[in-house]
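Have a look at the structure below, then the notes.
The values are calculated or read from the model by the stated rules, or taken from the named source; none is laboratory data. No experiment lies behind these values; they were computed from the predicted model shown. Because the Cβ atoms are built from the backbone with ideal geometry, glycine has one as well, and the counts that use them run over all protein chains shown.
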Amino acid sequence: MEKCDKKCYYKSMGYKLRRKIDDYLINWKKNPDRMPLIIKGARQIGKTSSIEHFAENYKNFVEINFIDEPQYTKIFASGYSPENVIKEISFINPAFKFVPYETLILFDELQACPDCATCLKFFKIDGRYDVICSGSLLGINYEEVTSVSVGYKEDYEMHSLDFEEFLWAKGYSQNQIESIFSHIKNTELFSENEFDVWMNCFKEYMITGGMPRVVNKFIEQNNFFGILQEQVQIQKAYEEDILKYAKGLDKAKIKNVYTHIPVFLAKENKRYQITKIATGARNREYIGTVDWLKDAGIVNVCYNLELPELPLKGNYNPTEYKIYYRDTGLLIASLDEEAQIDLRQNKNFNTYKGAIYENIVADMLVKQGYELFYYKNEKSTVEMDFFIRDASSLVPVEVKAQNSATASLKNLIEKDKYSDINYGIKLCANNIGFNGKFYTFPYFCTFMLKRYMLDKISSGK
């Protein structure tokens, strides 16, 4: 059998996942004053395949991959003008066609040639060609890239599939998905059938995660056979990428931090402690490792608030944090071969069940644009998993693996010393409800929390 590269793989699947970036790209093309676009995101989340699908809207498509074809990294040696760049590309591949106003140019794997970002200003001024750059967050100092062509480019951060995209893949209509928001907005109970169906979809999403390759496989065969193997391969690829791209830092230390994430999530407080990942490990020796993993799009970091009050960004301890996998499917795959089966059967998880639910809620919040903060006071008498906000209030979000009491949530709402908190949200396996103090939402509603907050703001509630 011939070796099947990424392009071949997606074609062989015979299935095109609908992604939110699809509509974004169409609207970008409709803008007569559009700027060159930089799409950044973690590895293997579907950036290139989405752009290739979008390229069908053009008569000509020129795709340059700086990793697969490193000779193209030299095309800027003679200058950054479109004329020079096109001339150099054509020397390497004379088959490419550059027809003004009918051509999309993709510079893929930007991290392998960050110098490419300089040409975007000149392509924008020229205006005859549409240009998209796509890059993994691994191995690229994005701060350097953003300093180039300022005002002449547009940025878009892409994620793996969120829950709504997963529901699209399952075949649910937008009207059916919109009904979830209607229930949330009106605090209206789901029917027994609705609740069971959405919860089952959510559990499937937890197990598969949002990696397109994994989701495609699950949708195509309608079962979990081979899913674990796909996830393990992605895990190994991430670990290999750490060793390949972690320039200027101790690669072994970064990998050590990454592989220990499940260990700390298994603990009751889930706080990550560098000093416990190796004998004699010191925080100062690991400076930059957690940030590297976060910047690479591999993990989500949740910081402990000094106090549960606004503003969030100026009120947290950068040395106290939890680390979550970006993809909950990869977290489950990192445990053992039986973990997926156990989760499907709702057994053998105990303390770790809470970690899995926290992990997926963290990912769903990040995909909505939220930064992650938690709170745990020194005496551990009050703790809260996450915080979001509306126009004037800080909103604590508690994730309950079991339908147990919510003492911390009640304390935060009822005590006068937490003046920024007026109500809260509990996420669990129960139906919708409101007791006058906090809302109860099923886990599967999490992907609409940002929209819910914005709706409350616009309605003045």
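Within the bounds of the stretch 318-329, is there any residue that is hydrophobic (A, V, I, L, M, F, W, C), out of contact with any His (no Cβ under 8 Å at 6 or more places or on another chain) and surrounded by fewer than 16 Cβ atoms within 10 Å (Cβ to Cβ)?
The answer is no; no qualifying residue exists.
Let me spell it out: the conditions are (1) in contact with a strand residue (DSSP E or B) (Cβ under 8 Å, 6 or more places away or on another chain); (2) crowded, with 22+ Cβ neighbours inside 10 Å; (3) farther than 23 Å from Glu268 by Cα, and Arg389 meets all of them except one. Which number is the exception?
Failed condition: (2).
Give the number of residues within the stretch 389-403 that are in contact with a helix residue (DSSP H, G or I) (Cβ under 6 Å, 6 or more places away or on another chain) and among the β-branched types (Val, Ile, Thr).
Keep residues of the stretch 389-403 that are in contact with a helix residue (DSSP H, G or I) (Cβ under 6 Å, 6 or more places away or on another chain), which gives 390-391, 396, 398-399, 401.
Still in the running and among the β-branched types (Val, Ile, Thr): 399.
Residues flagged as in contact with a helix residue (DSSP H, G or I) (Cβ under 6 Å, 6 or more places away or on another chain) and among the β-branched types (Val, Ile, Thr) within the stretch 389-403 amount to 1.
Considering every residue within the stretch 248-260, establish whether at least one is touching a Gly at 6+ places or on another chain (Cβ under 8 Å), assigned to a loop (DSSP other than H, G, I, E, B) and in the same structural domain as Pro396 (by TED's automatic domain parsing).
Yes, that holds for at least one residue.
Return the total of residues in the stretch 411-443 being farther than 20 Å from Met453 by Cα and outside any loop (DSSP other than H, G, I, E, B).
Adding up the residues that qualify gives 2.
Looking at Ile180, Ile227, can you tell me which residue is assigned by TED's automatic domain parsing to the domain that holds Asp291 and farther than 23 Å from Lys294 by Cβ?
That would be Ile180, the only listed residue that is assigned by TED's automatic domain parsing to the domain that holds Asp291 and farther than 23 Å from Lys294 by Cβ.
Tell me, please, whether a residue that is closer than 21 Å to Ala266 by Cα, modelled with pLDDT under 95 and in a strand (DSSP E or B) can be found in the stretch 359-374.
Scanning the stretch 359-374 turns up no residue that is closer than 21 Å to Ala266 by Cα, modelled with pLDDT under 95 and in a strand (DSSP E or B).
State whether one or more residues within the stretch 35-52 are out of contact with any helix residue (DSSP H, G or I) (no Cβ under 9 Å at 6 or more places or on another chain) and modelled with pLDDT of 95 or more.
No, the conditions are met nowhere in the stretch 35-52.
Of all residues being over 18 Å from Thr328 (Cβ atoms) and surrounded by 20 or more Cβ atoms within 10 Å (Cβ to Cβ) in the stretch 246-275, which is modelled with the lowest pLDDT? Just the residue, please.
Only one residue tops the list, namely Ala246.
Scan the stretch 79-101 and tell me whether some residue there is at pLDDT below 95 and either within 25 Å of Ile242 (Cβ to Cβ) or in contact with a strand residue (DSSP E or B) (Cβ under 6 Å, 6 or more places away or on another chain) (or both).
Looking through the stretch 79-101, none of the residues is at pLDDT below 95 and either within 25 Å of Ile242 (Cβ to Cβ) or in contact with a strand residue (DSSP E or B) (Cβ under 6 Å, 6 or more places away or on another chain) (or both).
Checking Gly460 against (1) touching a residue at least 24 places away in the same chain (Cβ under 8 Å); (2) farther than 22 Å from Cys302 by Cα, only one condition comes out false. Which one?
Result: Gly460 fails condition (1) only.
Just one of the numbered conditions (1) assigned to a helix (DSSP H, G or I); (2) at pLDDT 95 or above is not true of Pro32; which one?
The one condition Pro32 does not meet is (1).
Out of all the residues in the stretch 394-410, which are buried (at least 18 other Cβ atoms within 10 Å of the Cβ) and not hydrophobic (A, V, I, L, M, F, W, C)?
Those that are buried (at least 18 other Cβ atoms within 10 Å of the Cβ) and not hydrophobic (A, V, I, L, M, F, W, C): Pro396, Glu398, Lys400, Thr406, Ser408.
For the stretch 87-106, enumerate the residues that are aromatic (Phe, Trp, Tyr) and touching a residue at least 12 places away in the same chain (Cβ under 8 Å).
Scanning the stretch 87-106 gives Phe96, Phe98, Tyr101.
Could you say whether any residue in the stretch 222-235 is over 30 Å from Thr118 (Cβ atoms) and aromatic (Phe, Trp, Tyr)?
Taking every residue of the stretch 222-235 in turn, at least one turns out to be over 30 Å from Thr118 (Cβ atoms) and aromatic (Phe, Trp, Tyr).
Could you check how many residues of the stretch 171-202 are touching a residue at least 24 places away in the same chain (Cβ under 8 Å), farther than 18 Å from Arg451 by Cβ and loosely packed, with under 15 Cβ neighbours inside 10 Å?
1
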